[in-house]
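Reviewing the structure listed below.
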Amino acid sequence: MERTVSFDSSKPGRLTARAIDQNERRSEGDSLCCPIIMFRESVMLVVEMTLLDAQPYDYRKARRRKIAITVAIVAIIVLAAAAWFYRNWPEEHVADKFFSALQHQDYESAYGIYFNDPGWRQHQQKYSQYTYADFYRDWGPGGEWGLIKSHRVYGSANTKNFGGGGVVVEIIVNERSEHARMFVQRSDKTLTVYPY
């Protein structure tokens, strides 16, 4: 005996399972010989389901789903806000590192940070337009900012038209009301004084 599902015409819209012998099926004139659903009339639904058969509404599951969606939306908003507020962090970090070296009176390291070249001593001729002596005169104890005792990053802004694209970082030096403005080139992280 093999099990198959066939359409029972006495109960429209219902599918019933019955055991059919292979020979019985052939004797009825069916040309099918493998267990499948046999349709004698046109049937639209394979499985009949009414509203009374529906699963009961699960309030806990719905609440968990609502909480998960809310948490995901809040997390996306927080990450987007953090990305926006810290979009210039690499450039701010370079300017902060530069002023930290000046504050520790490590002018040679500050010169290397200025050109983003820690090994500048090995090829000093590369920086002949702004030599270390000029740098020390501008940024050393006798320079415009004097001996730097404290500094902090005040803010930053993107520039698209100046210098091929970069970030202007504003630094508060020695708690002066006038802020130092440094332009950090976004592509190679070199520094220059922002002229405006």
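Multiplying the sequence separation of GLN103 and ARG137 by 0.36 nm and subtracting their Cα-Cα distance, what value in nm do you get?
The span from GLN103 to ARG137 would gain 10.7 nm if fully extended.
Around LYS126, with a cut-off of 15 angstrom between Cβ atoms, what is the net charge of the other residues, counting Lys and Arg +1 and Asp and Glu -1?
Net charge around LYS126: -2.
How far apart, in nm, are two points set 7 Å out from the Cα along the Cα-to-Cβ line at ARG87 and at TYR196?
Label at ARG87, label at TYR196, 1.8 nm between them.
From the backbone phi of the stretch 110-117, what are the Karplus-calculated ³J(HN,Hα) couplings (6.51 cos²θ - 1.76 cosθ + 1.60, θ = phi - 60°) in whole Hz, Gly and Pro given as x?
4, 5, x, 5, 4, 9, 6, 8
Just in the stretch 151-196: which GluC sites (Glu not before Pro) are loop by DSSP and have at most 13 other Cβ atoms within 10 Å?
GLU175, GLU178
Between ARG176 and ARG63, how high is the FRET efficiency from 1/(1 + (r/R0)^6) when r is the Cβ-Cβ distance and R₀ = 41 Å? Nearest 0.05. Please report the intermediate quantities before stating the final value.
Values: r = 56 Å, r/R0 = 1.37.
Result of the calculation: an efficiency of 0.15.
Show the residues, 5+ positions off or on another chain, whose built amide H is closer than 5 Å to the amide H of SER156.
GLU170
Can you check what the Kirkwood hydrodynamic radius comes to for the stretch 52-196, Cα pairs only, in Å to one decimal?
One decimal place: 18.2 Å for the Kirkwood radius.
Among residues other than ALA180 whose Cβ falls under 15 Å from its Cβ, what is the net charge (Lys/Arg +1, Asp/Glu -1)?
-3
Mind listing which chymotrypsin sites (Phe, Trp or Tyr not before Pro) in the stretch 68-148 are in a DSSP loop and have 14 or fewer other Cβ atoms within 10 Å?
In loop regions of the stretch 68-148 (DSSP not H, G, I, E or B), the sparsely surrounded chymotrypsin sites (Phe, Trp or Tyr not before Pro) are TYR86, TYR130.
Just so you know, all these numbers are worked out from the coordinates, no wet-lab data involved. Quantities reported herein were computed from a predicted structural model and do not represent experimental measurements. FYI the Cβ positions are ideal-geometry reconstructions off the backbone, even for glycines, and counts take in every protein chain you see.
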